[in-house]
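Some notes on the structure that comes next.
Readers should treat all values here as calculations from the given coordinates under stated rules, not as data from a laboratory. The structure displayed is predicted, hence computed values, not measured ones. We place every Cβ from the backbone using ideal geometry, glycine too, and count neighbours over all the protein chains shown.
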Amino acid sequence: MYLQIMEQIKQRIAVGDWPAGEEIPSIRQLAVALRVSVITVKRAYLELEREGVIVTQHGKGSRVADGASLSPRLWEEELAQHLGQAARLGALLGLTPDELETRLREAANRFMEDQS
Amino acid sequence: MNTYMVKRLILKDWYFNRWTIVSYIAAGAVALVLLGMGNEGAFFAGTILLVTVLIALGIHLTMATVVEERKEMTLPFVMSLPISAREYTTAKILANLLIFLVPWGTLLIASFALIAGSAALPDGLIPFTAVVLTEIFVSTCLILAVALVSESQGWTIGAIVLGNLGFNGFLYFVSHIPSMGSTMKGPDIIWNQAAVTLLLAELAAVLLLLGLTFWLQSRKTDFI
Amino acid sequence: MKDLAVHFEGVGKKYRHFTLDDIHLELPTGSIMGFIGANGAGKSTTLRILMGLVHQDRGTVNVLGSDMPAQQAAAKRDIGFVSEDMRLYKSATLAWHMGFIRSIYPSWDEAYAASLAKRFDLKPQQKIKGLSHGQRVKAALLLVLARRPRLLVLDEPTTGLDPVARQEILGGLMEVIADERRTVLFSSQNTLDIEQISDLITFIDRGRIVDSDDKETFLERWRRVRLEVPPGVVLPALPGIVGTAGSGRLTVVTTSSYDPATAAAYQSAGATVRAVDTMTLEEIFVANVQSRREGQAA
């Protein structure tokens, strides 16, 4: 459960809801908002701090860590996850790595077209 | 003793039983009117009604305020309030007896006045009336005590039956005491030894019952 | 010295057909403890002893600094209690009950009460006897929540409620500990509710506390290890193994103290670790209780 919370927080940061340096809700506040036990949120915050995503100052609450490299790092993580998923699904569907690569290129091109 | 909480609990019980209380008071008033009408038939009817009101009021109120709490499962709600068993017991006893004593006291005095003022009724009836009416008070205390300590409908009904039998037996017993029987019909109010002894015994019984109730309640280890 | 809202030490209570034995409980201020047990395990008795409604035969009970049952009147000023066998006065309205509680507790918050009534979908003018079971539970909870007690003690608050109502109640309970000076203890048969919001979890079975720890530790410690065991391989008897099941070459070991060394121990004994699965609180509870019952029977 704490992993899900970590994900949610990282997404908020990645999307820009919580910019770098910004104060985030206290452990208790977030626990109440999400209806999840305090101890679970506490664990999530500890892990996030260990990963350097947030910074907690005793008595002053928590805030998003400074650093321009924050978003790209989170995106890297997410990309790695998605690629892993794609590889698994490709294998299940019986695609060869080349076929999978083709699919990926198609998707990337389609995305570029939609953007313009 | 938290008197504020005791008052809150008493008022709650009175609120929930307000129509019952009003009805009995009204019936008692009717009994008074009958007693004062001056003819023997009305007096007889009035007496029956009066005694019935007194006995029934005690029973009805005890069942409604004590036995109901357990039957309706509201006892945990009451005991979750900031009170101890002692305050609960005090509130129940006061709620019941205060209501009971109002018509009881009124009717005691009113019947004295009627007997004294009426030419048709020998004044010697007064001590007899006092002893008999006080017996009803004792009986009511017994029912209340049994209800509080046993919290059981069965035991309480048993006490009611006992009280009823006791009352009839008592009436017979008292009117057949030679010194009581002879003075009853006379024109003078005589507080002879028999009457005084009986009254003192009755009051002692009330104190004993109430004291025993408090003691047994405090020794309960399972209040729910 | 921990600041404990509730402290049971060696508490025992004997009934004719049931005994509560050696109950030890510590609930720090500011946390939520979930109390899980089967019917008749002793949850309700324990909570009644906490409230001073039942006197223990042995042991000490301290709640918010007051000894129970001796100082129960004082303690109950700061405790809100709702139990499954509790009813409100049928012939009165919810509004009457709100007024009654307000006249007793100065901490009653009328605005909060009104907002709770709206959230719980309750009409104060309605008589209690006209309410459904779920509405009556919510009404009782409203009465305790609106006066903001320091300790909330609830015996099966979500039993019999629909999922929407349950989430409302859980939300209400969480709001209580938004203030870190307030504490919640609730019992439930619904392990999902307990798993969602509890910080600490206590298992009770047949009158004894079977396990008590914080939630994350439970979820971390317990695992099901799926092994492929070739013939001739003997599995090492590791500490914390609670149960072993399986047929043929597949064995599932349930352990209450998993760490990476466990998997390594099996590998070096010659077995293949196919998977290490986490367990839900319900699975942990059942495994815990079953193993103890079997242990006692043997």
When C:169, C:194 are ordered from fewest to most other Cβ atoms inside 10 Å of their Cβ, what list results?
-> C:169, C:194
Computed Rg/Rh of the stretch B:152-205, alpha carbon atoms with Kirkwood Rh | 1.13
Counting other C-beta atoms within 10 Å, which of C:8, B:173, B:214 has the fewest, and how do the rest follow?
-> B:173, B:214, C:8
Please determine, in degrees from 0 to 90 and to the nearest 10, the orientation of helix C:94-104 with respect to the longest principal axis defined by the Cα atoms of chain C, where the helix direction is its Cα long axis.
-> 90 degrees
Interatomic Cα distance distribution for chain B, bins of 10 angstrom, percent | 8, 31, 33, 19, 9, 1
What's the long-distance tail for the stretch A:2-64, i.e. % of Cα pairs beyond 21 Å?
-> 10 percent
Scoring chain B by relative contact order with C-alpha pairs under 8 Å, at least six apart, yields a percentage of 23 percent
Step through the residues of the stretch C:64-75 one at a time and calculate ³J(HN,Hα) from phi using the Karplus curve (6.51 cos²θ - 1.76 cosθ + 1.60, θ = phi - 60°), rounding each to whole Hz and writing x for Gly and Pro.
-> 6, x, 9, 7, 10, x, 4, 9, 5, 4, 5, 4
Which listed residue (B:30, B:48, B:11) has the Cα farthest towards the positive end of the charge dipole for the stretch B:1-129, taking +1 on Lys and Arg C-beta and -1 on Asp and Glu C-beta about the Cα centre?
-> B:11
Rounded to whole angstrom, the alpha-carbon centroid of the stretch A:1-28 lies from that of the stretch C:72-90 at a distance of 39 Å
Under Stokes-Einstein, chain A at 10 °C and 1.306 mPa s, with its Kirkwood radius over C-alpha pairs, diffuses with a coefficient in µm²/s of 97 µm²/s
Lys and Arg at +1, Asp and Glu at -1: add these up for the other residues within a Cβ distance under 13 Å of residue C:142 and post the number.
-> +3
For the stretch C:257-298 (alpha-carbon point model, no solvent) the Debye-based log₁₀ I(q)/I(0) at q = 0.16 Å⁻¹ works out to -0.62
The stretch B:1-112, Kirkwood Rh and Cα Rg, ratio Rg/Rh at 1.09
Does anyone have the angle between helix C:133-145 and the longest principal axis of chain C? Alpha-carbon axes, 0 to 90°, nearest 10?
-> 80 degrees
Antiparallel %, DSSP beta bridges [both residues in chain C], to 5 = 70 percent
Sequence-distant residues sharing a close amide H with residue B:124 (under 5 Å, placed H) = B:186, B:188
Rounded to a whole number, what is D in µm²/s for the stretch B:109-209 from Stokes-Einstein with the Kirkwood radius over alpha-carbon pairs (25 °C, 0.890 mPa s)?
-> 168 µm²/s
Computed for the protein assembly as shown: size of charge dipole around the Cα centre, +1 on C-beta of each Lys and Arg, -1 on C-beta of each Asp and Glu, debye to nearest 20, value 1380 debye
Counting Lys and Arg as +1 and Asp and Glu as -1, each charge on the Cβ, what is the dipole of the stretch B:3-218 about the Cα centre in debye, to the nearest 20?
-> 440 debye
Cβ-based exposure ranking for C:108, A:75, B:19, in which fewest neighbours within 10 Å come first = B:19, A:75, C:108
Principal semi-axes in Å for the stretch C:223-278 [√(5λ), Cα gyration tensor, largest first] = 16, 12, 10
Any idea what angle helix C:163-176 forms with the longest principal axis of chain C, computed on alpha-carbon atoms, 0 to 90 degrees, nearest 10?
-> 80 degrees
What number, in percent, do you get for the relative contact order of the stretch C:223-278 if the mean sequence gap of Cα pairs under 8 Å and at least 6 apart is divided by its residue count?
-> 52 percent
Toward the positive end of the charge dipole of chain C, about the Cα centre and with charges on Cβ (Lys, Arg +1; Asp, Glu -1), which of C:50, C:6, C:96 goes farthest?
-> C:96
Loop-located trypsin sites (Lys or Arg not before Pro) in the stretch C:1-73, at most 10 other Cβ atoms within 10 Å (DSSP) | C:2, C:16
Of the residues B:20, B:57, B:83, the Cα lying farthest along the dipole of the stretch B:1-119 towards its positive end, which is defined by charges on the beta carbon of Lys, Arg, Asp and Glu, belongs to B:83
Give me the distance between the Cα centres of the stretch B:56-135 and the stretch B:162-207, rounded to whole Å.
-> 20 Å
DSSP loop (so not H, G, I, E, B), at most 16 other Cβ within 10 Å: list which trypsin sites (Lys or Arg not before Pro) in the stretch B:1-53 pass both filters.
-> none
Along each of the three principal axes of the Cα atoms of the stretch A:70-115, give the extent in whole Å, ordering the values from largest to smallest.
-> 36, 25, 12
hull vol. (C-alpha, convex hull) per residue for the stretch C:4-212, Å³ -> 115 Å³
The protein assembly as shown pair-distance distribution - Cα-Cα, 10 Å bins, rounded % = 3, 12, 17, 18, 15, 12, 9, 6, 4, 3, 2, 1, 0
Under unit Cβ charges (Lys, Arg +1; Asp, Glu -1), what dipole magnitude, rounded to 20 debye, does the stretch C:223-278 have relative to its Cα centre?
-> 120 debye
Name the GluC sites (Glu not before Pro) in the stretch B:1-78 that are in a loop by DSSP and that have at most 16 other C-beta atoms within 10 Å, would you?
-> B:72
